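Just below is one structure, and these are the notes that go with it.
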Amino acid sequence: MVKRSEKAKTMRKLIKAIWIFNWFNSCGFAELVPLVGSRWDMERFGMIIVGTPRHADVLFIAGYQTLKSIKRAKRVYEQMAEPRVVIALGSCTMTGGMYWDSYNTIKRLEDYLPVNLYIPGCPPRPEAVFEACEKIFEHVKELK
Amino acid sequence: MDTKETELLDKIKSKFKVDGRIQRERRIWILTDENKLMEMCNWLKECGFIHLSAISVTDWLEDGKYELTYHLWSYDDKILITVKTKIDREKPTISSVTPIWKESAQIHERELHELFGVKFEGNSDLSPLFLEDWEGAPPFRKDFDWREYVREKFYDKENEREKVYYD
């Protein structure tokens with residue numbers, strides 16, 4: 001059991017659900033589909049995927065980001081309302097992963113976007129994604 | 001044996017004086033000069049080769065040549081013709097086949113312009129496709145050292161985390 005502070009408990013009561021906007025390249029989407037499906041079913045925690053970044057609290061970034069796609073990711077981030085959280089999923093997103101020597105992928109995501117949480121793995125386990133989202137609730141007061 | 005393939009190949013050989021061979025059933029290779037290419041492509045399209053499935057470039061670094069390969073398919077004859085032509089590697093210029101195959105040629109030529117720097121004369125849109133703000137040499141050229149480029153552009157030797165990339 002995670003021990004929560006009083007503040008976090010209050011925030012937990014106020015904030016019921018987090019809405020997610022996905023920015024997935026390459027295998028990113030395919031590897032996180034289990035999250036949506038019935039086995040892990042993220043909707044039981046109130047996590048749903050929204051159609052526009054303007055409705056989203058959390059931006060999921062997965063898969064390698066190319067120089068072209070990261071520009072669009074920035075545009076997506078800019079459209080999100082505050083407080084907003086960026087979660088990077090998987091090694092390709094964080095460091096380029098197996099594309100570390102590609103001329104066309106970015107190597108440090110933090111150079112482009114303010115990342116709140118990194119979830120390593122190739123791909124990350126669904127449980128790890130849930131834990132990351134739980135951490136958002138823990139730190140929600142610190143967020144702008 | 002007088003098959004469709006041999007018949008067609010003989011016709012092309014006598015008409016354009018080019019080299020060619022039957023690779024196997026329903027596959028024909030033609031090696032041609034750059035200056036005969038347009039005329040031949042026009043003729044082939046009239047013969048029913050309406051489908052341009054791909055254009056590709058091979059980089060022959062030692063010979064100083066780019067080899068362009070056009071894959072043409074005929075729905076009537078069920079034959080795939082591969083037209084190959086070599087152009088100079090340093091000044092890679094060739095006339096575009098967009099007047100013949102329109103959009104299907106357009107996107108291939110645009111990509112090859114981006115990746116190999118081949119200039120297709122007559123193609124109206126050769127703007128970058130995937131590589132926005134690209135400054136280096138065309139990345140698919142064999143003498144482009146992409147690993148060096150990546151170290152230069154993305155990594156920092158002083159960074160503890162990225163030191164390994166310099167070993």
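The values are calculated or read from the model by the stated rules, or taken from the named source; none is laboratory data. Note that the structure is predicted; figures quoted are calculated from it, not measured. All Cβ positions, even for glycine, are placed from backbone atoms using ideal geometry, and neighbour counts span all protein chains on display.
A search for C-beta distances below 8 Å between a residue of the stretch B:77-91 that is farther than 28 Å from residue B:26 by Cβ and any residue that is of a type in the set (A, V, I, L, M), counting only pairs 6+ apart in sequence or on different chains, returns B:89/B:61.
Restrict the check to the stretch B:78-87 and report whether at least one residue is assigned to a loop (DSSP other than H, G, I, E, B) and more than 20 Å from residue B:118 (Cα to Cα). Within the stretch B:78-87 (the criterion being assigned to a loop (DSSP other than H, G, I, E, B) and more than 20 Å from residue B:118 (Cα to Cα)), the answer is yes, since at least one residue qualifies. Summed over the stretch B:122-143, residues that are more than 14 Å from the chain's Cα centre (by Cα) and surrounded by fewer than 17 Cβ atoms within 10 Å (Cβ to Cβ) total 15. Summed over the stretch B:95-105, the residues that are over 15 Å from residue B:125 (Cα atoms) and either part of a strand (DSSP E or B) or not assigned by TED's automatic domain parsing to the domain that holds residue B:49 (or both) give a count of 0. Scanning the stretch A:99-111 for residues that are of a type outside the set (A, V, I, L, M) and under 11 Å from the mean Cα position of the chain (by Cα) turns up nothing. No other residue among B:35, B:42 is surrounded by fewer than 17 Cβ atoms within 10 Å (Cβ to Cβ), modelled with pLDDT of 90 or more and in a helix (DSSP H, G or I) apart from B:42.
Could you say whether any residue in the stretch B:57-76 is among the acidic types (Asp, Glu), under 30 Å from residue A:65 (Cα atoms) and within 14 Å of another protein chain (Cβ to nearest Cβ)? Within the stretch B:57-76, not a single residue is among the acidic types (Asp, Glu), under 30 Å from residue A:65 (Cα atoms) and within 14 Å of another protein chain (Cβ to nearest Cβ). Of the residues making up the stretch B:134-167, those that are part of a loop (DSSP other than H, G, I, E, B), farther than 30 Å from residue B:64 by Cβ and more than 8 Å from chain A (Cβ to nearest Cβ) number 5.
Which residue out of B:85, B:98 is in contact with a Gly (Cβ under 9 Å, 6 or more places away or on another chain), buried (at least 18 other Cβ atoms within 10 Å of the Cβ) and of a type in the set (Ser, Thr, Tyr)? The match here is B:98. Quick one: which of A:110, A:82 is closer than 22 Å to residue A:132 by Cα, of a type outside the set (Lys, Arg) and in contact (Cβ under 8 Å) with a residue 60 or more places away in the chain? Matching residue, one of A:110, A:82: A:82. Within the stretch B:1-25, residues that are over 12 Å from residue B:81 (Cβ atoms) sit with their Cβ atoms under 6 Å from residues that are part of a helix (DSSP H, G or I), at 6+ positions apart or across chains, in these pairs: B:16/B:36; B:16/B:40.
Selection of the stretch B:65-92 for residues being of a type in the set (Val, Ile, Thr), over 21 Å from residue B:6 (Cβ atoms) and touching a helix residue (DSSP H, G or I) at 6+ places or on another chain (Cβ under 9 Å) yields B:85, B:87. Every test in (1) modelled with pLDDT of 90 or more; (2) not assigned by TED's automatic domain parsing to the domain that holds residue B:57 is passed by residue B:156 save one, and that test is (1). Among the residues of the stretch A:67-98, those identified as over 26 Å from residue A:19 (Cβ atoms) and over 16 Å from the mean Cα position of the chain (by Cα) are A:67, A:68, A:96, A:97, A:98.
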